[in-house]
1. Can you name the residue in segment 15-47 that is in a strand (DSSP E or B) and surrounded by fewer than 14 Cβ atoms within 10 Å (Cβ to Cβ) and is also modelled with the highest pLDDT among such residues?
2. Among the residues of segment 1-47, which ones are in contact with a Phe, Trp or Tyr (Cβ under 8 Å, 6 or more places away or on another chain), farther than 17 Å from ASP62 by Cα and in contact (Cβ under 8 Å) with a residue 40 or more places away in the chain?
3. Considering each residue of segment 48-92, count those that are part of a strand (DSSP E or B), in contact (Cβ under 8 Å) with a residue 40 or more places away in the chain and either at positive phi or not aliphatic (A, V, I, L, M) (or both), and give that number.
4. How about segment 55-66: which of its residues are among the basic types (Lys, Arg) and under 16 Å from GLN81 (Cβ atoms)?
5. If I filter segment 60-89 down to residues being exposed (fewer than 15 other Cβ atoms within 10 Å of the Cβ) and among the hydrophobic types (A, V, I, L, M, F, W, C), which single residue comes out as farthest from GLY25 (Cα to Cα)?
6. Name the one entry in LEU53, LEU12 that is in contact with a helix residue (DSSP H, G or I) (Cβ under 9 Å, 6 or more places away or on another chain), under 22 Å from GLY72 (Cβ atoms) and surrounded by 11 or more Cβ atoms within 10 Å (Cβ to Cβ).
Amino acid sequence: MQVKLYATLRALAGVTTLELPLADGATVRQLAECLAEHCPALAAQIFEPSGELSRRVHFMVDGRNSRWLPQGSETPLHSRQTLDVFPPAAGG
């Protein structure tokens, strides 16, 4: 499953895009766990110390924040979807 990283997450991982070994039907949470496994430097950014997904990092599924999807972090994913992970951002 292809995942695009942005800004500081891209810098930490050292790559723009990752191909993760996830089957269709894997959840956003499983994607995050696999991402942390493949790039340990990202683990502290995408997970809270409690093990919950960080509210500061946005997992986008086809342009929609997974937090606002009906199944949240348990949303099933498919290889044909666009998956993007954004760090916190500020601006004005």
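The values are calculated or read from the model by the stated rules, or taken from the named source; none is laboratory data. Values in this document were obtained by computation on a predicted structure and should not be read as measured data. No Cβ is skipped: glycine too gets one built from the backbone with ideal geometry, and neighbour counts run over all protein chains shown.
1. Of segment 15-47, the ones in a strand (DSSP E or B) are 17-19, 27, 47.
Next, from what is left, pick out any that are surrounded by fewer than 14 Cβ atoms within 10 Å (Cβ to Cβ): 17, 19.
Numbers: THR17: 96, GLU19: 92.
Going through the qualifying residues, I end up with THR17.
2. ALA7, LEU9
3. The number of residues fulfilling the criteria is 3.
4. ARG64
5. Only one residue fits best here, namely ALA89.
6. Of LEU53, LEU12, the one residue that is in contact with a helix residue (DSSP H, G or I) (Cβ under 9 Å, 6 or more places away or on another chain), under 22 Å from GLY72 (Cβ atoms) and surrounded by 11 or more Cβ atoms within 10 Å (Cβ to Cβ) is LEU53.
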